[in-house]
Amino acid sequence: MGRIHASLTTGIGRLRPLCCRLARLAAVLSLLASVACAPTVRLESDFPSPAIDPLPLRAAVIYSDEFQDYTYKSPRGVDPVDVELGPAQIRLLDRTLGGMFSELSRENTWPSETHDSQADLVLVPKLERFSLAHGPTYVGKEYYEVRITYRLDLYTPEGQLVGGLPVIGYGRSPVRWNSLSEPVRRATIRAMRDAAVQIVLQLPEQPAVDQLLRE
């Protein structure tokens with residue numbers, strides 16, 4: 001009996017490393033499966049131009065590569081989802097800023113003393129934060145909600161920073177669809193439109209813009 005017990009103990013000891021490796025492999029495969037199955041939300045939506053009289057100023061906007069290509073990826077531990085924000089937020093700001101100024105152009109060169117810009121003001125948007133609260137399994141509520149924080153930095157054509165406007169957009173959508181993508185898409189678009197409203201209301205009140213209007 002002693003030999004049998006010793007043999008069983010030895011066999012179990014040899015199996016333990018194998019079991020640990022199998023457990024780690026299962027965890028890795030589970031993580032890869034969750035990443036592979038993450039739906040991609042594409043924000044195919046047109047954004048309205050603001051119904052206002054444009055400011056009598058020429059503006060230029062610079063979109064960084066990061067801003068143009070940004071995709072949100074949900075953190076581990078929540079429903080997996082990717083949200084392609086880059087192309088949509090370019091359309092959003094082109095429409096919003098294009099309706100706010102008498103002229104709007106895109107520029108690829110950072111404003112500087114050697115850069116001959118025809119604009120009165122150069123705008124550089126940044127996406128500072130995108131947060132997504134995931135329905136009943138995450139926050140105990142029957143909807144998905146999105147908060148987007150943008151910052152719009154204001155420069156002179158010579159490259160001097162003269163202001164910055166932070167705006168927060170909020171949107172939510174009820175969980176009434178079988179797929180995760182649709183409520184997330186609706187909530188994100190509503191948050192982006194809310195951010196655009198904040199830009200329309202607050203940008204003309206910025207001291208740098210007000211000073212240009214007085215000149």
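All of the numbers you see were taken from the coordinates with simple rules; none came from a lab. Just so we're clear, the structure is a prediction, and the values are computed from it rather than from any experiment. For neighbour counting, all protein chains shown are included, and Cβ atoms are generated from backbone atoms with ideal geometry for every residue, glycine included.
Before moving on, here are some points about what is shown:
- Plainly put, region 122-215 has a radius of gyration that is 1.15 times its Kirkwood radius, both from alpha-carbon atoms, as the Rg/Rh ratio.
- Protection proxy ranking for 187-195, 65-73, using the average of other Cβ atoms within 10 Å per residue and placing the highest first: 187-195, 65-73.
- Radius of gyration and maximum dimension Dmax of region 39-214, Cα, Å: 17.4, 55
- The listed peptides 40-53, 197-210, ordered by packing as a protection proxy, come out as 197-210, 40-53 (highest mean of other Cβ atoms within 10 Å first).
- Proximal charge balance of ASP46 [Cβ under 10 Å; K/R count +1, D/E count -1]: +1
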